[in-house]
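The structure appears right after this line, and notes come after that.
The values are calculated or read from the model by the stated rules, or taken from the named source; none is laboratory data. On a predicted model such as this, the values are computed, not experimentally measured, just so you know. Reconstructed Cβ throughout: ideal geometry from the backbone, glycine too, with neighbour counts over all protein chains shown. Only protein heavy atoms, including side chains, enter the accessible area calculation; ligands, DNA and RNA are left aside. Shrake-Rupley method; radii C 1.70, N 1.55, O 1.52, S 1.80 Å.
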Amino acid sequence: QVQLVESGGGLVQAGGSLRLSCVVSRGTLSNVNTAWFRQAAGKERDLVAAISRSETTYYTDSAKGRFTISRDVAKNTMYLQMNSLTPEDTAVYYCAARLLGSWPAGTYRSWGQGTQVTVSS
């Protein structure tokens, strides 16, 4: 079964940038649809961005223009480059894979453990 491990979270000041990584193991990144989600304290987990097997990308309104999702199939790694961060971006960020249902917001069957992103004002 596909396993996902995120890294790259941390504490950053408003206006700063972070790049999250998600390493895929026990599977081939090019064969799966993947996505980034986030969950702020006390809120539901929400989709942030997705990238399909054919490398079509999707962004929610909050991510458009600031975040970039990408992948390196040779490294079996997906990325989320986040720029112009605001305190509202503070959340645990999760990578997800193995979409069941309609892309991009169906049900993902594999999840990483999450990485905390904290943006200070």
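Here are the numbers for this structure:
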quantity	calculated
Number of the exception - VAL73 against (1) surrounded by 13 or more Cβ atoms within 10 Å (Cβ to Cβ); (2) out of contact with any helix residue (DSSP H, G or I) (no Cβ under 7 Å at 6 or more places or on another chain); (3) of a type in the set (A, V, I, L, M, F, W, C)	(2)
Near pairs, Cβ below 7 angstrom, 6+ apart or cross-chain, from segment 54-67 (surrounded by 10 or more Cβ atoms within 10 Å (Cβ to Cβ)) to any residue that is assigned to a loop (DSSP other than H, G, I, E, B)	TYR58/PRO104; ARG66/ASN83; ARG66/SER84
Whichever residue in segment 1-24 is farther than 15 Å from ASP89 by Cβ, open to solvent by 30 Å² or more (accessible area, probe 1.4 Å) and more than 14 Å from the chain's Cα centre (by Cα) and, among such residues, is modelled with the highest pLDDT	GLN3
Output for segment 62-103, where each listed residue is basic (Lys, Arg) and more than 18 Å from GLY114 (Cβ to Cβ)	LYS64, ARG66, ARG71, LYS75
Qualifying residue in segment 26-41 (condition: in a strand (DSSP E or B) and among the polar types (S, T, N, Q))	yes
